[in-house]
């Protein structure tokens with residue numbers, strides 16, 4: 001992989017990690033179409049670092065409030081105002097809701113990487129199926145509860161849905177936003193919960209790469225520029241896409257992303273048929 005390819009795929013990662021169209025599916029499909037080499041471990045780590053930085057950067061005030069509220073509640077044995085207790089509870093709920101995806105990642109990561117990532121038919125089917133899940137959630141969800149009304153049940157429901165994002169083509173943001181809508185949250189609230197909840201999992205994936213790969217062999221000096229370019233583009237584009245989607249969902253539906261996924265699924269199936 002050269003620097004241009006790293007920049008393009010980094011931008012794709014940053015965009016599709018937060019826009020509900022499946023980052024894994026695009027990162028597998030684009031090299032397949034263009035005949036580029038498959039993204040390696042250095043790119044995977046850079047992409048995770050970049051998108052994690054985007055999450056921390058965009059929501060930095062939220063993260064600071066959650067952390068300081070947790071500290072205050074612990075130090076004061078829970079004797080704090082309601083707003084502080086609620087922010088501290090959100091921090092605990094995020095950690096609890098991250099457990100299903102973490103367990104799924106540990107149990108299924110090897111199978112998914114070695115089997116499902118190589119099945120373009122599976123990617124196409126999951127891309128299309130989740131499109132209709134998104135459509136149903138967007139149309140049938142009550143959407144009458146705001147961000148401040150999200151409780152433990154909502155976070156756990158979104159967290160369970162996030163475990164499905166391990167499957168290529170599903171889309172972490174697509175399935176988790178759909179889960180939030182199904183719980184009755186409005187679109188901006190569902191997206192906000194989705195983004196905040198993705199931070200521990202993306203951070204955990206980056207840490208896993210560091211422990212398994214970087215600490216054992218390190219990043220070759222020849223790939224440091226590749227790492228920097230991929231991390232920079234994924235982080236910058238990711239930040240812009242978080243801001244775009246939160247603003248977009250205040251007045252618009254998920255329907256354009258649904259149709260994009262349907263067209264993409266049909267395109268992948270036709271490509272597989274032609275190449276066979």
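When only C-alpha pairs under 8 Å and at least 6 residues apart count, what is the relative contact order of the stretch 1-148, in percent? Present the calculation step by step, with values, prior to reporting the outcome.
Values: 68 pairs, mean separation 23.9, N = 148.
The normalised contact order for the stretch 1-148 reaches 16 percent.
At a 10 angstrom cut-off on C-beta neighbours, averaged per residue, how do the peptides 24-36, 70-82 rank from highest to lowest?
On the way: 24-36: 17.8, 70-82: 12.2.
Packing proxy ranking, top to bottom: 24-36, 70-82.
Note the angle between two axes, namely the Cα long axis of helix 255-275 and the longest principal axis of the Cα atoms of the chain, as a number of degrees from 0 to 90, rounded to the nearest 10.
30 degrees
Exposure proxy check: 202, 99 ranked by fewest other beta carbons within 10 Å?
99, 202
Shape verdict for the stretch 27-85, please, from the Cα gyration tensor: rounded (a/c under 1.5), prolate (a/b greater than b/c) or oblate.
On the way: a/c = 5.14, a/b = 4.19, b/c = 1.23.
Because a/c hits 1.5 or more and a/b exceeds b/c, the stretch 27-85 counts as prolate.
Where a ≥ b ≥ c are the square roots of the eigenvalues of the C-alpha gyration tensor, would you call the stretch 56-204 rounded, which needs a/c under 1.5, or, failing that, prolate if a/b is larger than b/c, or oblate? It would help to have the intermediate numbers written out before the result.
Values: a/c = 2.78, a/b = 1.60, b/c = 1.74.
It comes out oblate by the Cα gyration axes.
Residues of the stretch 86-126 with the amide nitrogen closer than 11 Å to a label point 7 Å from the Cα of residue 211, along Cα-to-Cβ, please.
106
Quick one: helix 23-34 against the long Cα principal axis of the chain, what's the angle to the nearest 10°, folded into 0 to 90?
Compared with the principal axis, the helix lies near 20 degrees.
Which of 23, 173, 221 ends up with the largest GNM mean-square fluctuation for the chain, with Cα atoms connected below 10 Å?
Sorting by GNM fluctuation, first place goes to 221.
On a 0 to 90 degree scale, rounded to 10, what angle separates helix 120-140 from the longest Cα axis of the chain?
Between the helix axis and the principal axis of the chain, the angle is about 30 degrees.
Specify the inter-centroid distance of the stretch 22-63 and the stretch 112-172, based on alpha-carbon positions, in whole Å.
So the separation of the two Cα centres works out to 18 Å.
Could you compute the FRET efficiency for residue 68 and residue 106, with r as their C-beta to C-beta distance and R0 at 22 Å, rounded to 0.05?
Details: r = 31 Å, r/R0 = 1.41.
Approximately 0.10, to the nearest 0.05.
Given axes a ≥ b ≥ c from the Cα gyration tensor, I'd like to know whether the stretch 126-276 is rounded (a/c under 1.5), prolate (a/b larger than b/c) or oblate.
Working: a/c = 1.98, a/b = 1.34, b/c = 1.47.
Oblate.
Rule-based calculations on the coordinates, nothing more; no lab input. Not measured: the values here are computed from a predicted model. Don't worry about glycine lacking a Cβ; one is built from the backbone with ideal geometry, like all the others, and counts go over all protein chains shown.
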